[in-house]
Amino acid sequence: MAVLALVGTNPAVQAWFQQHGPQRIALIDALQAANQQLAQAAPSDGCAQLQQAADAMLGTLPTPECALDALVVACVDVIKRGAEQCLTGDAASARATLAVGADALGKAQLAIDEILEKPHACVN
């Protein structure tokens, strides 16, 4: 009986996560900076950083495992929309959108973890 390799053990998937780790960390850091900017209502570049980080994260696509792409895009698109709202001065909408985006990011990470633990043949 053949043992199916897990998605997370695929060298291409592992390499993608290692190569694009800085973008994921920058996105999380920029999300925090944007939220701080919105909370302080003071000039800051947190929202601009967040927009750049979201663009950089989207620029890492596609992943070697197409099932991961939709999860990355869904949460990052929402976060990018919140950054754009923030940059246009719509603080109330930005706060709400970034809260949704942060929640989506957490849910996406859980879904990604589940995919990584599945046999490759069971994904896609």
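Each reported figure results from applying straightforward, stated rules to the coordinates on display, with no laboratory input. Quick caveat: nothing in here was measured; it's all calculated off a predicted structure. All Cβ positions, even for glycine, are placed from backbone atoms using ideal geometry, and neighbour counts span all protein chains on display.
Details
- Distribution of pairwise C-alpha distances over the chain, 5 Å bins, in %: 2, 12, 21, 21, 15, 11, 8, 5, 3, 1, 1, 0, 0
- Amide H partners (placed H, <5 Å) of LEU6, local residues excluded: HIS120
- The local environment of LEU58, defined by Cβ-Cβ distances under 14 Å, has a net charge of -1 under the rule Lys, Arg +1 and Asp, Glu -1.
- At q = 0.17, 0.27 Å⁻¹, base-10 log of I(q)/I(0) for segment 36-87 (Debye sum, equal scatterers on each alpha carbon): -0.54, -0.97
- Kyte-Doolittle mean at least 0.0 and Cα axial length at least 15 Å: DSSP H helices in the chain: 46-58, 66-87, 91-116
- Scattering curve values for segment 1-70, log₁₀ I(q)/I(0), Debye with Cα scatterers, q = 0.13 Å⁻¹: -0.49
- Using the rule -39500 (n - 2.57) for each DSSP H run of four or more residues, divided by the residues of the chain, the 222 nm mean residue ellipticity is -24500 deg cm²/dmol.
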